[in-house]
Structure formats: structure tokens, C-alpha cells
Amino acid sequence: MKERYQKGYFLGIVILTGIVCGAGAIILYVLIDLVTEIFLNGFGGIDLPNAYGEVKIFDLNIDLPQIPYFIIPVIGGALSGIVVYRFSPEAEGHGTDSVIRAFHREHGMIRGRVPVIKAIATSLTIGSGGSAGREGPVAQIGAGFGSFIAQKLGLSDRERRILVVSGMAGGIGGIFRSPLGGALFGIEVLYRKDAETDGLIYAFITSIISYMVFSLFLFLYHHEYPGSIFRTPEIIRVDFAEIPFFAITGILCVGVAQVYVRFFYLIHDTFKKIKVKSWLKPAIGGFITGIIALIIPQTMGMSYGYVQLAIDGQLGMRIILGLLVAKILATSFTVGSGGSGGVFAPSIVIGSMVGALVGSIAELFMPGAIEFPGIYAIIGMGAFISAVAKTPIASIIMVLEMSGGYELLPAIMTASSISYVLSGGISIYREQMETRADSPAHRRELVKDILETIRVSDAMTPADGVISVSPSSTVKDVLYLVKTTGHLGFPVVENDRLAGIITLSDINKIPDDEKDTKRIDEIMTRKLIYVSPDENLENALKLLISHDVGRLPVVSDGKLVGIITRSDIMRAHAKELARLEQ
């Protein structure tokens, strides 16, 4: 593995992964736009607003038979379910959890077909009005390619896992136009209280390359670079008097996050128990989503256009509250039922509505003092994602890159830090580990020395299984034991207490004519080297090596309680390794 790093072989693969991640982001973006144009615009006759930086690829202007728009999510859910459960069941749901699970528990193994199926199924879900996002699918697409190429090239587990992280970062960094945030998301999302620092540099590389590939596509198509996804006011002034409202945004995001995560998994677990064909479940979820959209049509699709309107201060309180509640419900039924789509984009929408709500209330309490109430939508995004995704640093950076509102850094940091700390252990990603020490991917390497974790008493041969001799025994008696047992040394025990050690080398110093009468207590070694049963095997092994002996007596309060040998230590080491690798 070192040779690969030194020769640039692995680096070349990382660069290739970044290029493919950018291409995958383009394909997913185009597919979603195409299906949206056909289903929602064509069949449904509904035209949802886009965010400022969202580029519309297709404008087909074809006459299609009209279908009530709230029925379309049912069709999209059914088609998505058929594609997923027929060809790749692991592509169901929001995708990010599948990548996290593959990293921790499956040695970074992801089937090669997953990225293709995920792209098709997600475009059907989102394009038909399902409430979902692109982050989970694009993460699974990027990670899937990284895993695929690692398998084909026979790379090690560590290299394969790094490519999974890099691929996930590349997908996110490209489609969200957030190169730094995407890289940080890739290493943060695996844990609730840690980060996969081993993959940081490679995540940077894939993310920036994917970002450049995706941005080049938008530039060539649009003839100008559209910039960040959302537009913020060109001049933003944040008053120190608003700090309490930043804190309130963070606190309110925690409460909404609790509701969102609990309700999402209530629906998810309920659908797992429903006894119907698996492919029908996303259709049922689509039906309920359609009913919700009948009341709040703004909840259909990713709803980025309404986030932009919230930032621009053009959403009324009724729409803000309605979209906040409807997005939680619709996302839970769309994705929780097994529909293919991410939960990051809905989190952006929900968080922005929480922030917009606080901004509107702040303007009521401090008329004229809150110059830009719409910016609270951006603050809410960062705070909410920090709470539900457990990616506090990535959330802050991604929101800044997606909105271009860098002047809001102190405000977003305030709200996000509060929401992350107060949200505790809740997370929309069930497969996240607490720390690297809890991950099967790192458990083995993080044990500084496995022998340090095992006590001598757990590996020794107990005293009742040890052959010992009495101080009054003769050399002839010990020679007989050497021949019959094959052991080259024996503890000398008197009244259960260790008196000394007799070895074959001690015996060989005695003339032959004295061996029948010479007593053991006359020639035994009284300067004892021993270990206690509470010591660890690392210390026992060091004593064996430093004194060049094969066995050590185990003594407690002067009494012999066992014997520890090199073989005992090797056996305990192998047993513990096998347990850790399960």
C-alpha cells in the first residue's frame, strides 16, 4: 500500500474518482430536470420556482395529457420502487446511510450497479414531485464508483474505504457547488462526534475536481457561471442586537429536528412492517405526499425556489409555517416509505423555514432594527443541518458556499454550535458511529496493542493444571518429568507458595553421579521473575523476551496461581483479533 501512495498510483485513482463524481453529478442533475419537465411540467401542468443559481436544462414545450398534479408522486413512487427493488434493493431510501454502513461494516464494498440504479430511481422520485433531495443519491453514486474501481484494481480495505469517502465528498461538492463543504461533509458524516481525518486530503481532491467538472458543464450550457445555488443580498449588515435571535434560531432548530427525525423513522419503521410488495411502498408514500401537496403544493420536489423566496423576504408567515410542517411530513412519507432520494435538501428547506420564521418574528419585535429578515433562512439552514446530520463544520461551510453569504459566518456559527450541542445524539443518519473507536473499520487499528487489553489471568494456565515440583525432590525426579512432559522448566512449590524455579540448564550443571541424591532446593533459582494475574499480556511478553525464557510463573500474594507461556499469549492475541473483526 505504501508503494501505491509513493508512486502516485493511488493519487491518480483519486483524481479519476473526482472526475467521475463530477460526471455523475451532471447526469443526476440532467435526469432530474428531464423527469421534472415531463412529469410535473408536462403531465401535471405545474411549474415550480427555481433557486437563483439553479439552471433549467430542458424546456420541451410538448403537449401531454393532463393528470391531477397530486397523483403524479404516486406514479413516480411506483416506477422508482420497481427500478430499485427489481435491480438493487440497497438503493432504496436516502442513500447516505447505505454509504456510511458500507464504510463501517462492509469494508467499503458497494455493488457496481448501485450508482446507476440510484440515479434513475432518484430522478423518478424527485422529478415526479416527491419530497427528497440529491445529496444522498449523489453521495451513493460517487462512493459507489470509488468502491467499484477499488474492487476492480484489487486495492486494500483502507484504500477502498478512502475512495468511498472521497467519492461521497466529490458527489456532494459537485452538485451542491460546495467544494470545501463537500469534502468536510464526506469525513464528518460518518460519525456523530468525530471525523475520518485519514481521508481528508483525498476528499479535498475529489471534491474540488468534481466541483470544477460540474461547474464547467453549467458554464458551457448556460454560457455563464451561475454562481452559488442561492442568492443573498449584496450588502448584509448584522447587528449585535440580533445575537439573541441567532441563538433562538439554533434552539428552535433543535426542537424541530427532534420532531423531524423521530417522525421520519416512525414512518420508516412502519413501512418496513407493512405486508405489501416492496415496490408498492414508495407508491403509497407518493400517494400520501400527493395529498399533502394538494394542501401545500410548495412541498413538491426539492422546494429550493421557495428557499430563495424566503431569503428574498417574499414568503408570508402562512406559507412559511405550512411549508415547514408539510416538508417534514412529505419527506417522511416520500423517503421513509422506501422512495429513492436524499434527506439533506429537505433539511435545507425545513431549516430555512425555521430561520425565516424567527426572522419574521424578530422583525415584528424590532421593527426597523432587522434590516434583512430573510437572511435568517440561511442561518436556519446551517443550524438545522448541524442538528440532524451531526456535521457542524461541514454544515456551516456548505451553507456559506451554497448561498454566498460569507458575511453571515458569525451568525451561522452561533446558531449551528448551539443546535449541535443541544441536539444531543439525534441524527437523521442511523448508521453513524459515535467516534472512530466505535467503528469496526478502525477498532482494530485503534487498539494500540491488543495485548494491553488482556489480563494475564485470562490467558494463563491455572495452577491446578501446572506441573510443579517440591523443594525436596531430586534432580533425577525432575529429569523424569522433562522426558515425560517435554517441559524444560518447572516451578518449585512448597505449601502452595512459589519457592523457586528449576530448569534443565540448572540440572545440566550437576555431575551425573550426584543427580540421584541432589535436592532441588540446593540448585534451584531463587531470584524469581514472575507476573501477577492482574498485569496485561504486553508486560508479560516483554519479560519473556528480555529474559529469554519461554514461561513465567503467575504469582499472587506469594502463591502460585498459574503459568503463562508465549503460546498462551499468541493464542489470546489471535482470539481477541478474531473477536474484533466480527
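Observations, loosely collected:
- Normalised contact order of the chain, rounded percent, pairs of Cα under 8 Å and 6 or more residues apart: 16 percent
- Tail beyond 19 Å, pair distance distribution of segment 396-487 (Cα, percent): 73 percent
- In order along segment 16-21, the Karplus-derived 3J(HN,Hα) couplings, from 6.51 cos²θ - 1.76 cosθ + 1.60 at θ = phi - 60°, round to 4, 4, x, 5, 5, 4 Hz, and Gly and Pro are given as x.
- Rounded if a/c under 1.5, otherwise prolate or oblate - segment 2-445, Cα gyration tensor axes: rounded
- About the centre of its Cα atoms, segment 2-445 shows a dipole size close to 1660 debye [charges on the beta carbon of Lys, Arg (+1) and Asp, Glu (-1) only; nearest 20 debye].
- Ranked for footprinting exposure by Cβ neighbours inside 10 Å, fewest first, 223, 573 give 223, 573.
- Scanning the chain for GluC sites (Glu not before Pro) lying in DSSP loops with no more than 11 further Cβ atoms inside 10 Å, the longest uninterrupted stretch between such sites is 235-580.
- Residue-count net charge about residue 103 - beta-carbon cut-off 9 Å; Lys, Arg +1, Asp, Glu -1: 0
- From phi via Karplus (6.51, -1.76, 1.60), per-residue ³J(HN,Hα) for segment 413-427 in Hz, x at Gly/Pro: 4, 4, 5, 5, 4, 5, 5, 5, 5, 6, 6, x, x, 5, 7
- Pairs spanning more than 19 Å between alpha-carbon atoms, out of 476/509; 193/390; 193/575: 193/575.
- Positive-end extreme of charge dipole, the chain - chosen from 305, 230, 18 (charges on Cβ): 18
- For segment 2-445, with +1 on Lys and Arg beta carbons and -1 on Asp and Glu, the positive-most of 337, 426, 127 along the dipole: 337
- Look at the Cα gyration tensor of segment 450-580: its axes a ≥ b ≥ c give a/c of at least 1.5 with a/b over b/c, and that counts as prolate.
- Of all lysines in the structure, those lying under 19 Å Cα to Cα from residue 273, and not within fewer than 8 positions of it along the same chain, are 281.
- In loop segments of segment 248-326 as defined by DSSP, the trypsin sites (Lys or Arg not before Pro) with at most 11 further C-beta atoms inside 10 Å of their C-beta are 275, 277.
Since every read-out is calculated from the coordinates, none of them should be taken as a lab result. These figures come from a predicted structure and were not determined experimentally. Quick reminder, even Gly has a Cβ in these numbers, built from the backbone with ideal geometry, and neighbours come from all protein chains shown.
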